[in-house]
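To start, the structure under review is shown below, and the notes come after it.
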């Protein structure tokens, strides 16, 4: 599905992959298949909204590289240097393809829905640059730019304040699937109890 309201958008999804991904979640569950499933559910929603060719996966993990290529996504090599460097590489690759509007979507939202993603891209198109804070209001779930400028990523703890200081418009929308990320067992339990979690994540949990 590609909504007319979001035609032309590119979505950059950084994916760490491997043993180092989602270390807090893996400390309690030690389940690499679950970590991958959460990412793949997020990517599936992104692909249904902008089309597989509109999704750029930034990764250096061989398994995630193979998965992304098979799914028809554009694979961008992770240059190293952390999340912001990966996001910047993805945005540059999108711009090199001639992309106009670009958004960075973190890959830890197994409860994300197509309607939510369409809504935020549609609303974001009204602003030069924008971000959606996480459920706590301090982190960032999605960062975007409707034109050729930016966005300037500043992820990590307290990123909402940094993105606001950089001039990105804050979108406090009621989008629970987007705003709730899963990075530990507590947040996973919340997602399972309160959101429509994607099929890959449920399968990895044996549900």
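Within region 158-198, how many residues turn out to be within 17 Å of the chain's Cα centre (by Cα) and in a helix (DSSP H, G or I)?
10
Can you find even one residue in region 120-136 that is part of a loop (DSSP other than H, G, I, E, B), crowded, with 16+ Cβ neighbours inside 10 Å and within 17 Å of the chain's Cα centre (by Cα)? Write out each step before concluding.
Pass one, region 120-136, residues part of a loop (DSSP other than H, G, I, E, B): 125-128, 134-136.
Then drop every residue that is not crowded, with 16+ Cβ neighbours inside 10 Å, which leaves 125, 127-128, 134.
Filter again for within 17 Å of the chain's Cα centre (by Cα), leaving 134.
Among the residues of region 120-136, at least one is part of a loop (DSSP other than H, G, I, E, B), crowded, with 16+ Cβ neighbours inside 10 Å and within 17 Å of the chain's Cα centre (by Cα), which makes the answer yes.
Go through 66, 89 for me and flag whichever is crowded, with 19+ Cβ neighbours inside 10 Å, assigned to a helix (DSSP H, G or I) and at pLDDT 95 or above. So that I can check it myself, show each step before the final result.
Numbers: 66 fails: crowded, with 19+ Cβ neighbours inside 10 Å.
On inspection, the qualifying residue turns out to be 89.
Which one is modelled with the lowest pLDDT among residues in region 151-175 that are buried (at least 18 other Cβ atoms within 10 Å of the Cβ) and in contact with a helix residue (DSSP H, G or I) (Cβ under 8 Å, 6 or more places away or on another chain)? Let's see the steps before the verdict.
Narrowing region 151-175 to residues buried (at least 18 other Cβ atoms within 10 Å of the Cβ): 151, 153-155, 159-160, 163, 168, 171, 175.
From the residues that got through so far, the ones that are in contact with a helix residue (DSSP H, G or I) (Cβ under 8 Å, 6 or more places away or on another chain) too are 151, 153-155, 171, 175.
On the way: 151: 89, 153: 96, 154: 96, 155: 96, 171: 97, 175: 96.
If we take residues in region 151-175 being buried (at least 18 other Cβ atoms within 10 Å of the Cβ) and in contact with a helix residue (DSSP H, G or I) (Cβ under 8 Å, 6 or more places away or on another chain), then 151 is modelled with the lowest pLDDT.
The values are calculated or read from the model by the stated rules, or taken from the named source; none is laboratory data. The shown structure was predicted, so the numbers you read here are calculated from the model rather than taken from an experiment. When we count neighbours, we look across all protein chains shown, and the Cβ atoms used for this are built from the backbone with ideal geometry, even at glycine.
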